[in-house]
Amino acid sequence: QVRNTGKGGRRKMRRNGRFKIGAACALVCLALAGCKGATFNGSRLVNEDQYVLEYTQFNTTDSQNLELESGDVVHTQIVCDGGSVSIEVKCGDSKPVYKGDAVSESYEFDIVIEESGTYTITVTGEKAQGSVSFTVEKDAN
């Protein structure tokens, strides 16, 4: 209800209403932005023989290329303290040498490399907490 409080009163009430609506919209936007959460909160270590992610929050995709030789072994360790990770290890456009979707348990395993090349390790987290580690053990031959 708009009361006429004299000359210009109606205009002033409309401006105040618009201001209140604008302020309310701004508060809602800020609240929603705060709900999104971090995409990655942690650390990333990479060198020619290692790719390690440790995180308290992981909601994104990260990947790394490693040059591997036939006979190399990639020791893989997944620590899952919450959420899940999906992992793919592949060379170029070939079939993945390992693929794990929505892994939500901790475990470790080895991937034996049969063909030399550039391998891409891709890790995608969904509300994940924990770590993943890929350590290359070079073939002694």
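The values are calculated or read from the model by the stated rules, or taken from the named source; none is laboratory data. Please read all numbers here as calculations on a predicted model, not as lab measurements. Cβ coordinates were reconstructed from backbone atoms using ideal geometry, including for glycine residues, and neighbour counts include every protein chain displayed. Only protein heavy atoms, including side chains, enter the accessible area calculation; ligands, DNA and RNA are left aside. Shrake-Rupley method; radii C 1.70, N 1.55, O 1.52, S 1.80 Å.
Inside the stretch 73-120, residues that are free of Cβ contacts under 8 Å to residues at least 60 places away in the same chain, closer than 20 Å to GLU48 by Cα and open to solvent by less than 30 Å² (accessible area, probe 1.4 Å) make up a count of 9. Residue under question is TYR55, and the condition is that it be part of a strand (DSSP E or B), over 15 Å from THR122 (Cβ atoms) and not acidic (Asp, Glu); does it hold? Here the answer is yes, as TYR55 does meet what is asked.
Quick grid of which residues meet (1) over 20 Å from the mean Cα position of the chain (by Cα); (2) among the aromatic types (Phe, Trp, Tyr); (3) modelled with pLDDT of 95 or more:
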| site | (1), (2), (3) |
| --- | --- |
| VAL2 | yes, no, no |
| ARG11 | yes, no, no |
| CYS25 | yes, no, no |
| CYS29 | yes, no, no |
| ASN59 | no, no, yes |
| SER70 | yes, no, yes |
| ASP81 | no, no, yes |
| ASP101 | no, no, yes |
| PHE109 | yes, yes, yes |
